[in-house]
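Report on the structure given below.
We did not get these values from a lab; they are worked out from the coordinates using the rules stated. Just so we're clear, the structure is a prediction, and the values are computed from it rather than from any experiment. Here the Cβ positions follow ideal geometry from the backbone for every residue, glycine too, while neighbour counts run over all protein chains shown.
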Amino acid sequence: MNEPAVGTATAGPPRAAADRPTLSFELFPPRDIDNAPRTWETVRALEAVHPDFVSVTYGASGRTRTTSRALVSRILRETTLTPIAHLTCVGTSREEVTTIVGEFLDEGVRSFLALRGDPPSDADSWHPHPQGVPTAAGLVALLREIEANRCATSSAQAVRARVKPLSVAVAAFPRGNAVTGSTRAQDIQALLDKQRAGADFAITQVFYDAAAYLELVAEARDKGVTIPIIPGLLATTDPARLLRTQELTGVPVPRELLELLGSADDEAERHRRGIRFAADLVAGVLDGGAPGIHLYTFNRHEAALDLLDAADLTARPTPRNP
């Protein structure tokens, strides 16, 4: 496989500030947020490139509820970053979801990524909660309902909501969701349902070819989806991490990519090749009209920032009020 070129996304004159691609990252909560210097080093390094937001994962059935809230809260208190709190509803009652959402809102969170979530690994003995929210679209609708109720019972909250409206993101799947066995057509219908429920934008699952994303967007637009769809990408430098991601998502890693990385003479060369591959993918989706990119970091900033440099996406304006 020939190594892809880098720099396609930088052709032509610089973009105006308002038209720059959005930039965001995903983080996951460490087991002990107060004793996780590596995670906080990553948070500070990502903060330095002024992303539009960072998302914080939330385990299925709320298994990281406490640590997710702790990380989101610390980001709100101690950084200039805007956190988006992941939220899942699988196996959880509507009442419990409402309580969790209230906790996040009380912390000052104004953005959520609404996910159905995956059942526990011992799915044979698992059953949906009888008073639960069965779909991500239902979770979006519940978030909107909770916000409306808070505004209706508090004029102060109503004012705050006008100043800083609630934002709800959802997931999209370029090649279908391998974990649930759904097809792209089924996932596009689900995305349309989420939009109708009140979703503001979508972030895709990881993929490795620009065509997967561009075809998803084209088909979604044809079916009536109008919300922005942000591509979710990896810095493709670590074969072990790529294979682990494949296990978690069911999205196969291209054999050509693994061979490209595996044939490198040393770790530095492997890193360079992986960054070049990912930078070409970034160029492909941005040239195809993507509004920005969302990078899955695994709480490590080095490869993510190297990718931004290779794709010429680090020249971002410093906020007026850091």
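The table below gives the values:
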| quantity | calculated |
| --- | --- |
| Taking N as its residue count, the alpha carbon Rg of segment 39-97 over 2.2 N^0.38 Å | 1.24 |
| Once the Cα gyration tensor of segment 217-322 is diagonalised, semi-axes √(5λ) in Å | 25, 20, 13 |
| Whole-Hz ³J(HN,Hα) from phi, Karplus 6.51 cos²θ - 1.76 cosθ + 1.60, for segment 32-49, glycine and proline x | 10, 5, 7, 9, 9, x, 5, 4, 6, 4, 5, 4, 5, 5, 6, 4, 5, 9 |
| Amide proton proximity set for Gly292, modelled H, under 5 Å, gap of 5+ | Thr22 |
| Loop-resident sites, segment 29-82, for trypsin sites (Lys or Arg not before Pro), counting at most 14 other Cβ within 10 Å (DSSP) | Arg31, Arg63 |
| Whether segment 104-227 is rounded, prolate or oblate, judged on the alpha carbon gyration tensor where a/c under 1.5 counts as rounded | oblate |
| Cα gyration tensor shape for segment 194-279, rounded if a/c is under 1.5, else prolate or oblate | prolate |
| Relative contact order (percent, whole number), the chain, Cα cutoff 8 Å, 6+ residue spacing | 23 percent |
| Value of Rg to Rh for segment 20-235 (Rh from inverse mean 1/r over Cα pairs, i.e. Kirkwood) | 0.95 |
| For segment 254-317 and segment 177-199, distance of Cα centres in Å | 27 Å |
